[in-house]
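Right, one structure below, let's go through it.
The values are calculated or read from the model by the stated rules, or taken from the named source; none is laboratory data. This one's a predicted model, so the numbers in the text were calculated from it and none came from an experiment. Positions of Cβ are backbone-derived with ideal geometry, glycine not excepted, and every protein chain shown enters the neighbour counts. For the accessible areas, the whole protein counts, side chains as well, though only heavy atoms, and no ligand, DNA or RNA atoms are used. Shrake-Rupley method; radii C 1.70, N 1.55, O 1.52, S 1.80 Å.
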There are 2 protein chains.
Amino acid sequence: MLALDVGGTKLAAGLVSVGGVILTRGTTATVGADAEALFGRVATLLDESRSVAERHGHRVIACGVGCGGPMTPGGEAVSPLNIPQWRQFPLRRRVDEHTGLETVVDNDAKALAVAEGWLGAAAGEANYIGMVVSTGVGGGIVVDGRLLDGATGNAGHIGHVIVEPDGRPCACGGRGCLEAEISGPSIEARTGQPPEIASTETIERSGMLLGRARSSVMPLLDLRLATVAGSVALGFGAPFFAAAQAELARGARIEFATGARVVPGGLGDDGPLVGAAALGLRAVTRQ
Amino acid sequence: MLALDVGGTKLAAGLVSVGGVILTRGTTATVGADAEALFGRVATLLDESRSVAERHGHRVIACGVGCGGPMTPGGEAVSPLNIPQWRQFPLRRRVDEHTGLETVVDNDAKALAVAEGWLGAAAGEANYIGMVVSTGVGGGIVVDGRLLDGATGNAGHIGHVIVEPDGRPCACGGRGCLEAEISGPSIEARTGQPPEIASTETIERSGMLLGRARSSVMPLLDLRLATVAGSVALGFGAPFFAAAQAELARGARIEFATGARVVPGGLGDDGPLVGAAALGLRAVTRQ
């Protein structure tokens, strides 16, 4: 699989085996390039991975792309919040035309969720949510073994579950959304300090609010597991996860929901590319 | 289809055409019978419907059952809260053995949700939640055209979405769950009056809290529509739905979630039996 991860400040592309092993990896910055120049950098990265595949006699079967939202269904027009050069950029078509491969574009949080279920902390689990807590708060949801898409492909937006009805205003127009309380920028705005040097109180409050959102979501969807990746969550570490698990246990005591767990994502820096490959594989095998 | 609805105080069974028309309907009370006597009443109702089918030359292809929870997956052991005679009662097997038909048992709220998507207020919609607000608050969720089951078949429990973090204790052990705030018994406990004579303030507050739960759920699952049935919601009527829609519009302003609607269920008293039939049809056609 060719895999492409369109992040906020850098792009990564690589070659991933059908077993999920990253065989090559290259990155490039997103700054200092207009829309076309940026796509040129993408094309170069993809070409490099492709040529490695050819040298080693690997057949490349599809291209999977994880990309920040918002986007129209199928990634036909992407407008990643942190890449102002791309607004309604026809990413799927352009990658498809450049590579000649079946190309799938989807939300990067959905990609990561699929990766966690494939090879990460949710491996073997058919009912889980894979979350990311970093600049934003997002996720992807798998129920009955299937990744949920929803009406416009945006299912998984756990960042807009309300955890404090009278809480901070959210960019979405609501108030007290999880993202407005525990994303990196929200924490910095609320405490005056970046999450890297957050107090124990801030870490525990953030974990508790994450647990509260999950208390709503676990019985709603009858999930067994939540994985959490992203720089804020993984940077906070054990006290954050302990607070989340405690709140989840406090809230979700309806019988079928007991025993649900919250765990750190298991793929580290490999997650986004493995997830992009998983999206491609999902499309090819029509899971 | 043979259809059976196991409610709190009465049981209904009937014959439903594959187009969703109820051809016969019979009911019996649940009180005054032990577990076996109650199943005897069920068997009699099913036999009556069956004999009508035979008299008219209809072929009966399956039996669908909607039943109050909790239950084990597939309805192999049901323990409906309001039918104390049945605890771990093997309902699916008993109906299967009695009728000789392929028999499907599922949560009654999921049944009603499927019915709303088949012939009711969500007809033609692939992403919606069908809710019930009466003695409890439940629901069924359809995403990407598929009814969600979840790990133990309990997906759809919107009653345990937290809407007031410091609200009333819920039977589930949590606090401020939607069910603990707006179910009929919760309203009576909180206000001292049954929902039938609730004040305008109580009606509007209940609608607002329902809208708040939906503000969390609509972007999470990228749904376009929520239908709400049940005696409390339909009894409250227009002011309740207006308050719910207003709160939904206030909360869910993330772009893809705008335009989501809250509407009354469209099937009235026919909903439960049509839903039970829909469950049977779903199983036979493996939707």
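The table below lists the values:
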{"read-out": "Any hit, the range A:262-279, residues being over 20 Å from the mean Cα position of the chain (by Cα) and surrounded by fewer than 24 Cβ atoms within 10 Å (Cβ to Cβ)", "value": "no"}
{"read-out": "Helices (runs of 4 or more DSSP H) contained entirely in the range B:96-199, each with at least 1 residues that are over 26 Å from A:Ala257 (Cα atoms) and either in contact with a Phe, Trp or Tyr (Cβ under 7 Å, 6 or more places away or on another chain) or of a type outside the set (Val, Ile, Thr) (or both)", "value": "B:108-119, B:184-191"}
{"read-out": "So B:Arg250, is it open to solvent by 10 Å² or more (accessible area, probe 1.4 Å), touching a residue at least 12 places away in the same chain (Cβ under 8 Å) and more than 15 Å from the chain's Cα centre (by Cα)", "value": "yes"}
{"read-out": "Residue count for the range A:243-273, restricted to those that are more than 18 Å from A:Val217 (Cα to Cα) and in a helix (DSSP H, G or I)", "value": "6"}
{"read-out": "Matching option when the condition is open to solvent by less than 20 Å² (accessible area, probe 1.4 Å), assigned to a strand (DSSP E or B), within 14 Å of chain B (Cβ to nearest Cβ) and touching a residue at least 24 places away in the same chain (Cβ under 8 Å), among A:Ala226, A:Ala213", "value": "A:Ala226"}
{"read-out": "The lone exception for A:Glu125 - which of (1) under 18 Å from the mean Cα position of the chain (by Cα); (2) open to solvent by less than 40 Å² (accessible area, probe 1.4 Å) it fails", "value": "(2)"}
{"read-out": "Selection within the range A:1-25 - part of a strand (DSSP E or B) and either open to solvent by less than 20 Å² (accessible area, probe 1.4 Å) or among the β-branched types (Val, Ile, Thr) (or both)", "value": "A:Leu2, A:Ala3, A:Leu4, A:Val6, A:Leu11, A:Ala12, A:Ala13, A:Gly14, A:Leu15, A:Val16, A:Ile22, A:Thr24"}
{"read-out": "Given (1) within 8 Å of another protein chain (Cβ to nearest Cβ); (2) at pLDDT 95 or above, number of the condition A:Thr200 does not satisfy", "value": "(1)"}
{"read-out": "Tally of residues being touching a residue at least 24 places away in the same chain (Cβ under 8 Å) and either touching a Gly at 6+ places or on another chain (Cβ under 7 Å) or open to solvent by 10 Å² or more (accessible area, probe 1.4 Å) (or both) across the range A:26-36", "value": "3"}
{"read-out": "Sole exception among (1) modelled with pLDDT under 95; (2) more than 18 Å from the chain's Cα centre (by Cα); (3) open to solvent by 10 Å² or more (accessible area, probe 1.4 Å) for B:Ala53, by number", "value": "(3)"}
{"read-out": "Positions within the range A:63-90 being out of contact with any strand residue (DSSP E or B) (no Cβ under 7 Å at 6 or more places or on another chain) and either farther than 25 Å from A:Gly230 by Cβ or among the basic types (Lys, Arg) (or both), in sequence order", "value": "A:Glu76, A:Arg87, A:Gln88, A:Pro90"}
{"read-out": "Among residues of the range A:54-89, those that are over 24 Å from B:Thr258 (Cβ atoms) and free of Cβ contacts under 8 Å to residues at least 40 places away in the same chain, counted", "value": "5"}
{"read-out": "Answer from A:Ile203, A:Ile182 - the residue that is under 22 Å from the mean Cα position of the chain (by Cα) and open to solvent by 20 Å² or more (accessible area, probe 1.4 Å)", "value": "A:Ile203"}
{"read-out": "Options A:Ala155, A:Ala180; residue that is more than 7 Å from chain B (Cβ to nearest Cβ), aliphatic (A, V, I, L, M) and under 24 Å from A:Gly8 (Cα atoms)", "value": "A:Ala180"}
{"read-out": "Tabulated pairs, the range B:161-173, first more than 8 Å from chain A (Cβ to nearest Cβ), second in a loop (DSSP other than H, G, I, E, B) and surrounded by 17 or more Cβ atoms within 10 Å (Cβ to Cβ), C-beta under 6 angstrom, 6+ apart or interchain", "value": "B:Gly167/B:Gly176"}
